[in-house]
1. Take A204 and decide whether it is of a type in the set (G, A, S), out of contact with any Gly (no Cβ under 9 Å at 6 or more places or on another chain) and more than 22 Å from G72 (Cβ to Cβ).
2. For region 166-219, name all the residues that are over 24 Å from L261 (Cβ atoms) and among the β-branched types (V, I, T).
3. Report whether or not G208 is assigned by TED's automatic domain parsing to the domain that holds A102, part of a helix (DSSP H, G or I) and not hydrophobic (A, V, I, L, M, F, W, C).
4. Go through (1) touching a helix residue (DSSP H, G or I) at 6+ places or on another chain (Cβ under 8 Å); (2) at pLDDT 80 or above and name the single condition I136 misses.
5. Does D256 fit the bill of being over 19 Å from N80 (Cβ atoms), modelled with pLDDT under 95 and of a type outside the set (G, A, S)?
6. Considering each residue of region 172-185, count those that are crowded, with 19+ Cβ neighbours inside 10 Å, of a type outside the set (D, E, K, R) and either more than 19 Å from the chain's Cα centre (by Cα) or more than 12 Å from S126 (Cα to Cα) (or both), and give that number.
Amino acid sequence: MRKIVFLILFINQLAWAANEPPPIAAELPESTQPELKKGEKKIKHPLSKKGLIRITKDSEYIYKTEESPKTGTTTILFANWDPINLANPSNGVSYADIYDRAFILMADYEWPLMTLLGSWNFKLGSGLGISSGNGILTHENDSSTSPAKEAFTLLTFPNHASVIYRIKFWDDQPIIPYIEGGLAYYTFLEMRDDKIGPQPGRLAGSLGVQVIAGGAFDLGFFNRNLIKEMDAEYGINGVFVNLEYRKIQGLKPDFDISSDLISFGFMLIY
């Protein structure tokens, strides 16, 4: 939760940092001198031996710091979910007959595996989707249907485990493509407003496989110094915008979660 708050603050700081006055570069050993930008000049300063690299016009001192080790990655994604094949096997009523499309919030955590022609991570995640709709009445005479008065709420939990490969070959690479594959196990809790049936509701689940392709854009591309400050203060050394396509193939024909999702969100590396 703390890192999500820092993500919001970071996005707000990007606009502020664009108007920051040009800094002054302090004197450093030849091998570590920063590249001078327009409006900067080099001076001698006693604190340069301790890592001072710039002084802004507002007298802010900026120091060179070592990047903290990367131990994990968290991603928050929003997706529009429409399971076109999902239906009740006992009566054939489909998801679309009762519910509207669901917006799903997904969160996951990654553990580093290895760095071979990029980075390989193991990922675990889940999330929450909420759908609502009305039941269906079937008329015995002509088999026609009509909406029922009772309201249904369906909670969807998109649990998943996978391995992700990011195509990253150099530091500060602005766009990082990635592919991912693994298992998905979606669990469902369906509740009725009239409290008929088991409480709190009917529980079900279904297994599938998923493949994902996407890309992550590095927001630090606009302001590297801000990322370095976040790393020094909070241990966050990367903030990205993610866009991905997710294909889910259900493995349970009588409760098929097959679907296609377009997801958008943010990724934190720390």
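The values are calculated or read from the model by the stated rules, or taken from the named source; none is laboratory data. Please read these numbers as outputs of a predicted model, since none were measured by experiment. Cβ coordinates were reconstructed from backbone atoms using ideal geometry, including for glycine residues, and neighbour counts include every protein chain displayed.
1. Spelling it out, A204 is indeed of a type in the set (G, A, S), out of contact with any Gly (no Cβ under 9 Å at 6 or more places or on another chain) and more than 22 Å from G72 (Cβ to Cβ).
2. I196
3. Against the criterion (assigned by TED's automatic domain parsing to the domain that holds A102, part of a helix (DSSP H, G or I) and not hydrophobic (A, V, I, L, M, F, W, C)), G208 does not qualify.
4. It is condition (2) that I136 fails.
5. no
6. Of the residues in region 172-185, 2 are crowded, with 19+ Cβ neighbours inside 10 Å, of a type outside the set (D, E, K, R) and either more than 19 Å from the chain's Cα centre (by Cα) or more than 12 Å from S126 (Cα to Cα) (or both).
Quick grid of which residues meet (1) more than 23 Å from the chain's Cα centre (by Cα); (2) within 25 Å of A151 (Cα to Cα); (3) part of a loop (DSSP other than H, G, I, E, B):
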site: T187; (1), (2), (3): no, yes, no
site: L203; (1), (2), (3): yes, yes, no
site: I212; (1), (2), (3): no, no, no
site: G215; (1), (2), (3): no, no, no
site: L226; (1), (2), (3): no, no, no
site: V241; (1), (2), (3): no, no, no
site: G265; (1), (2), (3): no, no, no
